[in-house]
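Read the structure below first, then the notes.
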Amino acid sequence: ECTMISARYRLALLAAPAAFLSCRRNALAAGADYLWKQQADDGGWHSAAYGLMRSGQSLSAFVLDALLRVPAAAFRPPKQAVDRALAFLQRHTQPSGALG
């Protein structure tokens, strides 16, 4: 299990970089998994807390950008999830190129 690493043990990481990378990869995979699970059926990510972001138009592009930066070796997106996200963005893009 990955835990916060105190200054006392940082030196040990120099001797075990593979363990640190594995820990980082696990955290990245867990974060990506969580965000993909928050994707709505319409392909977007919607705020449950902030009314202005409830439509998902302001969040979805940023969330998708972050998720597409996750290396495939760490986490692969669920099937069709990227296509649904792109379709969501396309549906909400104005002819001028503005989103929303």
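The values are calculated or read from the model by the stated rules, or taken from the named source; none is laboratory data. Please read all numbers here as calculations on a predicted model, not as lab measurements. Because the Cβ atoms are built from the backbone with ideal geometry, glycine has one as well, and the counts that use them run over all protein chains shown. SASA here: full protein model, heavy atoms, side chains in, ligands and nucleic acids out. Shrake-Rupley method; radii C 1.70, N 1.55, O 1.52, S 1.80 Å.
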Item to complete: Go through the residues of region 82-100 one by one and say whether even a single one is without any contact (Cβ under 8 Å) to a residue 40 or more places away in the chain, under 15 Å from residue 29 (Cα atoms) and open to solvent by less than 80 Å² (accessible area, probe 1.4 Å).
Response: no
Discussion item. Considering only region 74-84, I want to know if a residue exists there that is modelled with pLDDT of 95 or more and outside any helix (DSSP H, G or I).
Written reply: yes
Worksheet item: For region 30-62, how many residues are modelled with pLDDT under 95, part of a loop (DSSP other than H, G, I, E, B) and of a type in the set (Gly, Ala, Ser)?
Response: 6
Fill in: Of all residues making up region 45-59, the number that are surrounded by 15 or more Cβ atoms within 10 Å (Cβ to Cβ), touching a helix residue (DSSP H, G or I) at 6+ places or on another chain (Cβ under 6 Å) and of a type in the set (S, T, N, Q)
0
